[in-house]
Amino acid sequence: MGAVTELVWGCLDTPVGQVSVACTDAGVARVAYGPLPGAAPAPAPIPGTQAAVLLEAAVTELGEYFAGHRKAFTIPVDLGRAHGSRRTVLSVLHDSVPFGRTITYGGLAARAGLDAAGPGGAAMPPARVVGQIMASNPVAIIVPCHRVVAGTGLGGYSGGTGTDVKHWLLVFEGALPATLDWDSAALRRAQPAGARPA
DNA sequence: TACTTCACATTTT
DNA sequence: AAAATGTGAAGTA
């Protein structure tokens, strides 16, 4: 990754911790948990560029989302660096999974057209590809990578504290029942009763 | 019924 | 260039 376009970084405080947002003049390029991923000094981005405007809009929408006032994001996402399936899967996910809805890795893969199973009963696991894409999802939250659950159980997550954030988000959206007693160990075998998508 | 092993595409270091 | 990854399904015990 050589010199990318001007990347303006911004921070946002959420119930699940601090979130960093990076924007270009094309849209949100990255959203990550925690303070700042690498060394992003973000030296007073020129106020007036599209990137700065988008960054402010992204932070605002994220704030509204975490406040429960916003169920959908309207800001554009910059997937300029996305290759092949990556871009397709992210796009499909963004367009196919609304607020409060969940989908399985396999389902998303099939919806993205990755189910090109060979004609001899080749049980291909495109779900793994989707999982990998989610694992390195450049734009978390806005592209609802946290709404993608495994066919069995909850699935995994690479958020701040792992599945903790994912679980919080799913409960927040009402996709999972707010179980009263939750344990890290219980999370593994937690079965979302009635939350299983078709 | 529960658990272990196998399969493949893409991204990242 | 090589290894690892947020799974799914099947087979076996």
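Please report A:Arg70, A:Arg128 as a ranked list, fewest other C-beta atoms within 10 angstrom at the top and most at the bottom.
Values: A:Arg70 15, A:Arg128 12.
Taking fewest neighbouring Cβ atoms as first place, the list is A:Arg128, A:Arg70.
Kindly state, to the nearest 0.05, the FRET efficiency for A:Gln18 paired with A:Gln132, given R0 = 41 Å and r defined as their beta-carbon distance. E between A:Gln18 and A:Gln132, to the nearest 0.05, is 0.95.
Starting from the Cα-Cα distance between A:Glu56 and A:Asp25, subtract it from 0.36 nm times their residue separation and give me the gain in nm to one decimal. Could you put the intermediate results ahead of the total?
Working: separation 31, 0.36 × 31 = 11.16 nm, distance 1.20 nm.
Going from the current span to full extension adds 10.0 nm.
Under 5 Å between amide hydrogens, built in the peptide plane, is the criterion, and for A:Ala29 it picks out A:Ala22, A:Cys23, A:Thr24, A:Asp78 among residues at least 5 positions away or on other chains.
Only the coordinates and a few stated rules stand behind these numbers; no lab work does. Computed from a predicted model, the values in this text were never measured in an experiment. FYI the Cβ positions are ideal-geometry reconstructions off the backbone, even for glycines, and counts take in every protein chain you see.
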